[in-house]
Amino acid sequence: MTASLTAARPQLTAATPLFSPFSLGQLRLPNRIMMAPLTRARADEHRVPSVLAAQYYAQRAGAGLIIAEATAVSRQGTGYDNWPGLYTADQQAGWRKITRSVHAGNGYLLDQFLRDGANRRDDEYGGTARNRARLLREVTAAVIGVWGSSRVGVRISPLSPTNGMTDSDPVATFTQTADDGAAGVRGLLQLPPGAPRPGPGRATAAAARWHHRLGSFPGPAA
């Protein structure tokens, strides 16, 4: 069985499109390999990225684009031990060589505002899909004000149940998010195996719209 599986595995060479360079906005990437954010818990007791964290990213520096792990922006926003922060001078120094991104997926704060399974507010940040997407628009605009739109991206996970997240109408919720993203922000659409892909039907049509509106990276969503 092992031999047959190995024989069926495609052979990758330097000529494979996966390894060819391409432009993502104003960024010229050496290849099409994208590394998703992965929480490694390699910060010290002061939430400063450690030598092990630097080694972890250095080992993966061959990727065309690395999206850094979720990072606390205040002492109150920390979730567990050894989670890196970005609210002190020492922490900022530890992240000098790490890429920046906005994380709006997998049940974190922005995702909690987006989905009605978590967002029960009755003010301008709750209720309609557009209201629930307001915080994401504001955070994205603030980050763009510092880094420019060519270096800011939003990752969404419309169908992920991670951290107990649910939504009564993910098509409406994330179509609104995609429409907001069409204003010039790059998006990374994360769909789990078996999730809708472009094709007939309401949900799959929405997935196609998410792909189109968000300007997802070339190739099938992962």
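We did not get these values from a lab; they are worked out from the coordinates using the rules stated. Here the structure is a predicted model, which means the values were calculated and not measured. Counting neighbours? That spans all protein chains shown, and the Cβs are built from the backbone with ideal geometry, glycine included.
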**Study point:** At most 14 other Cβ within 10 Å, DSSP loop - trypsin sites (Lys or Arg not before Pro), the stretch 30-101
**Key:** 60, 96, 97
Practice item. Name the shape class, rounded, prolate or oblate, that the alpha-carbon gyration tensor gives for the stretch 22-99, where a ≥ b ≥ c are the square roots of its eigenvalues, rounded holds for a/c under 1.5, and otherwise prolate holds if a/b is larger than b/c and oblate otherwise. Key: prolate
Check your understanding: What ranking do 67, 156, 144 get, fewest neighbouring Cβ atoms within 10 angstrom at the top?
Key -> 144, 67, 156
Practice item. For residue 24, enumerate residues with amide H under 5 Å from its amide H, sequence gap 5+ or separate chain, H modeled in the peptide plane. Key: 29
Check your understanding: Counting other Cβ atoms within 10 Å of each Cβ, which chymotrypsin sites (Phe, Trp or Tyr not before Pro) in the stretch 68-171 have at most 11 and sit in a DSSP loop?
Key -> 80
